[in-house]
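Worksheet: one structure, shown below.
The values are calculated or read from the model by the stated rules, or taken from the named source; none is laboratory data. In this text the structure is predicted, and so the values were computed from the model without any measurement. Here the Cβ is made from the backbone with ideal geometry for all residues, glycine too, and neighbour counts use every protein chain on show.
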Amino acid sequence: MDTTGIPHRPGRLPVIGDLVGSNPRTPVQDTVRVGREVGPIFTRKLLGLEIVFVSGVDLVDELNDEARFGKHVGLGLRHLRALAGDGLFTAHTSEPNWRLAHDILQPAFRQEAMRGYHPIMLDAARELLASWDAATGPVDVAADMTRLTLETIGRAGFGYRFGSFERTEPHPFVTAMIRALRYAQLQNIRLPLVKRLIAGSARQNKADIATMTDLVDEVIEARRSGGEPSRDLLGLMLAEGHPETGERLDPVNIRNQAITFVVAGHETTSGALSFALYYLTRHPDLLARARAEVDAVWGDREPEFGSVAKLRYVRRVLDEAMRLWPTAPGYSREAHEDVVLGGRYAMSAGDWVLVPLPLLHRDPAAWGPDAETFDPDRFDPAAVRKRPGHAYKPFGTGERACIGRQFALHEAVLALGLVLQRYDLEADPDYRLEIAESLTLKPAGFTLTPRVRALVPQS
Ligand code: MNH
């Protein structure tokens, strides 16, 4: 798009653009730094690639208008198509398979469907608790939350156990997935050095994708040939047609969806849990309040389905953690037609911009002067009503918003509640938040020492 008149950081150089001061390992955090200086709309130019970022709540409100804009599959997503094809996350809205799969899978993600996943989620959470019970020292929080969420989506989606808590080395699928995701991300970096690196690992990438598709194909085949029929995601995809037309998903698309759900369905939730635990241990008063709620609502019992949504404060803690560090840190919007954004910035049909969520979520216009402080009370219903609706979008927007939102929230509130119910948590007071960026964000090197509480109150 025509970027004249859109601010950028001072000191842009010919050819390399804003490359000085940007780190390929921390693109999101770099963008946050730049946006604080020159937002609410700005560009960053890295070598030949100039990206427009829109982070102010009023402009984002316009971008979220589904009549004029829609999801853009570009940048972070385009190269993931090698892995996830026309799966829901990476499909173009114009591909018929997007709506077909969306309509077939939607029922599996309604709030009511969570009742069926609840015992499976509990089962995975019990493994986390068992491993923390046995821990004799600090545990790596992000690693263990990732074990938990991977087990949850594997079982709830496909009846498959990755065995994350029994392994010291990650499951081969996970190793392949992490490498393939990194490979896809590197494709966006135009440095000659990086290009050579990618060229050198093309064969490995092919093998990694094969590792993933082979496992998925095996699981599907086992189910097809006489496995127990089940109403999990896989069962639904194999058995159900479109609610109106009866049309079915084709086998390649089912495979793409399976890979999509594993990839999209665990790292984000894991990061959200990890950031929530980080902030709670930094704010003992808030931790005490969250735990008091768990004790009051659950007592010492294992929670049944209906009692999870009753943890209102625990939910707000997660909401607030995802405000400061939205673990899926952005989404892209593409103009359907020629438009003028904010009365000033001309976009032609097909032009696209990126919404960096950590900046939107800290826009003082919506969040006030103390936007950087962690305060779950921002998500009291009364406070929410006072804010513009588009100030908080951790699950994206419109028809392409996250289909797994209810799933993630049920899983995360359940897990955080169980951890608070069972443990006193000791954090390293010297730990300084460091954020690892891949497709998602996570606190790096954050450990906790969990100790089973002396007395879990009866209720
Ligand atoms: Mn999820 C899309 C964030 C958990 C499956 N997810 C999105 C988008 C965001 C997002 C943002 C929109 C991206 C875009 O516009 O390009 N998702 C999250 C977060 C969590 C999360 C922050 C946890 C916290 N997501 C989950 C879980 C699942 C899942 C759990 C599956 C079980 N997400 C998806 C799928 C899509 C998606 C599938 C694509 C939906 C579509 O476009 O139709």
Within the stretch 189-203, does at least one residue satisfy the condition of being under 22 Å from Arg147 (Cα atoms) and either in contact with a strand residue (DSSP E or B) (Cβ under 8 Å, 6 or more places away or on another chain) or crowded, with 18+ Cβ neighbours inside 10 Å (or both)? no
Across (1) part of a loop (DSSP other than H, G, I, E, B); (2) touching a residue at least 60 places away in the same chain (Cβ under 8 Å); (3) away from the ligand (no atom under 16 Å from the Cβ); (4) not small (Gly, Ala, Ser), Arg223 clears everything bar (1)
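Please pick out the residue among Ala199, Ala210 that is assigned to a helix (DSSP H, G or I), more than 30 Å from Asp18 (Cα to Cα) and free of Cβ contacts under 8 Å to residues at least 60 places away in the same chain. Working first, answer last.
Working: Ala199 fails: more than 30 Å from Asp18 (Cα to Cα).
Exactly one residue qualifies, and that residue is Ala210.
Does the stretch 322-345 hold any residues that are touching a residue at least 12 places away in the same chain (Cβ under 8 Å), more than 30 Å from Ser274 (Cβ to Cβ) and in a loop (DSSP other than H, G, I, E, B), and which are they? Full working, then the answer.
Of the residues in the stretch 322-345, the ones touching a residue at least 12 places away in the same chain (Cβ under 8 Å) are 322-337, 339, 341-342, 344-345.
Remaining after also requiring more than 30 Å from Ser274 (Cβ to Cβ): 334-337, 339, 341-342, 344-345.
Within the stretch 322-345, His336, Glu337, Gly342, Arg344 qualify.
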In the stretch 372-398, which residue that is over 24 Å from Ser274 (Cβ atoms) and surrounded by 18 or more Cβ atoms within 10 Å (Cβ to Cβ) is nearest to the ligand (Cβ to nearest atom)? Thr397
Could you please find all residues in the stretch 325-346 being surrounded by 17 or more Cβ atoms within 10 Å (Cβ to Cβ) and either under 24 Å from Asp30 (Cβ atoms) or of a type in the set (D, E, K, R) (or both)? Trp325, Pro326, Thr327, Ala328, Pro329, Gly330, Tyr331, Ser332, Arg333, Glu334, Leu341, Tyr345
Would you please list the contacts, defined by Cβ atoms under 9 Å and residues six or more apart or on different chains, that run from a residue in the stretch 84-97 that is in contact (Cβ under 8 Å) with a residue 24 or more places away in the chain and in a loop (DSSP other than H, G, I, E, B) to a residue that is among the aromatic types (Phe, Trp, Tyr) and crowded, with 24+ Cβ neighbours inside 10 Å? Gly87/Phe261; Leu88/Phe261; Phe89/Phe261
Would you pick out the residues in the stretch 54-72 that are among the acidic types (Asp, Glu) and either more than 16 Å from the ligand (Cβ to nearest atom) or not in a loop (DSSP other than H, G, I, E, B) (or both)? Asp58, Asp61, Glu62
Could you list, in sequence order, the residues of the stretch 18-64 that are within 24 Å of Ala346 (Cβ to Cβ) and at pLDDT below 90? Asp18, Gly39, Leu46, Gly48, Leu49
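May I ask you to verify whether Gly17 is over 19 Å from the mean Cα position of the chain (by Cα) and touching a residue at least 24 places away in the same chain (Cβ under 8 Å)?
On the way: over 19 Å from the mean Cα position of the chain (by Cα): yes; touching a residue at least 24 places away in the same chain (Cβ under 8 Å): yes.
Taking the combined requirement at face value, the residue satisfies it.
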Qualifying positions in the stretch 20-53 - part of a loop (DSSP other than H, G, I, E, B) and either touching a residue at least 60 places away in the same chain (Cβ under 8 Å) or touching a Gly at 6+ places or on another chain (Cβ under 6 Å) (or both): Pro24, Arg25, Thr26, Gly39, Pro40, Leu47, Gly48
Pick from the stretch 147-188 the residues that are more than 25 Å from Arg115 (Cβ to Cβ) and of a type in the set (Val, Ile, Thr): which of them is surrounded by the fewest Cβ atoms within 10 Å (Cβ to Cβ)? Thr168
Result of the Cβ filter at 6 Å on the stretch 248-272, keeping first residues that are at pLDDT below 95 and partners that are of a type in the set (Phe, Trp, Tyr) and within 8 Å of the ligand (Cβ to nearest atom), at least 6 apart or interchain, is Ala264/Phe89
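Looking at the stretch 266-289 only, could you name the residues that are in a helix (DSSP H, G or I), in contact with a Leu (Cβ under 8 Å, 6 or more places away or on another chain) and within 16 Å of the ligand (Cβ to nearest atom)? Walk me through how you get there before you give the answer.
First, pick out the residues of the stretch 266-289 that are in a helix (DSSP H, G or I): 267-282, 284-289.
Subset that is in contact with a Leu (Cβ under 8 Å, 6 or more places away or on another chain): 267, 270-273, 275-281, 286-287.
Within the stretch 266-289, Glu267, Ser270, Gly271, Ala272, Leu273, Phe275, Ala276, Leu277, Tyr278, Tyr279 qualify.
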Do we find a residue being free of Cβ contacts under 8 Å to residues at least 24 places away in the same chain and under 20 Å from the mean Cα position of the chain (by Cα) anywhere in the stretch 120-137? no
Residue among Ala258, Ala292 that alone is part of a helix (DSSP H, G or I) and within 16 Å of the ligand (Cβ to nearest atom): Ala258
Quick one: Leu234 ticks every box in (1) without any contact (Cβ under 8 Å) to a residue 12 or more places away in the chain; (2) within 16 Å of the ligand (Cβ to nearest atom) bar one, so which box is it? (1)
In the stretch 399-445, residue surrounded by the fewest Cβ atoms within 10 Å (Cβ to Cβ) [restricted to those that are of a type in the set (Phe, Trp, Tyr) and either away from the ligand (no atom under 14 Å from the Cβ) or under 14 Å from Val141 (Cα atoms) (or both)]: Tyr431
